[in-house]
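Just so you know, all these numbers are worked out from the coordinates, no wet-lab data involved. Everything numeric here is computed off the predicted structure, so don't read it as measured data. Because the Cβ atoms are built from the backbone with ideal geometry, glycine has one as well, and the counts that use them run over all protein chains shown.
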């Protein structure tokens, strides 16, 4: 099962490379925001994250509702959080 999980943007790491740091349930990771380039994403915005990519922007109410529903899913949620925790994008400048 593949899940998109809500994350809140806490930092724009590299605007030229479309990289941001998001917080998902207390875990912070770098993700690609390239799919949403040009949409004006800012620190504090909520996005739906799947395999290290922001797939869409969502509002806070939808984020909280989705997080609540995902938590109720139990094992699938735990597996997705573990996958998120173990994934990492190299943010070293090129």
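A few points about this structure:
- Stokes-Einstein D for the stretch 19-76, Kirkwood Rh over Cα pairs, 4 °C, 1.567 mPa s (µm²/s): 108 µm²/s
- Helix-only [θ]222 nm of the chain, DSSP H runs n ≥ 4, -39500 (n - 2.57) each, per residue, nearest 500: -8500 deg cm²/dmol
- Peptides 14-25, 47-58, 31-42 ranked from most to least packed by the mean count of surrounding Cβ atoms within 10 Å: 47-58, 14-25, 31-42.
- Considering only alpha-carbon pairs that sit under 8 angstrom and 6 or more positions apart, the relative contact order computed for the chain is 29 percent.
- Sequence of 66, 85 once ranked by neighbouring C-beta atoms within 10 Å, starting from the fewest: 85, 66
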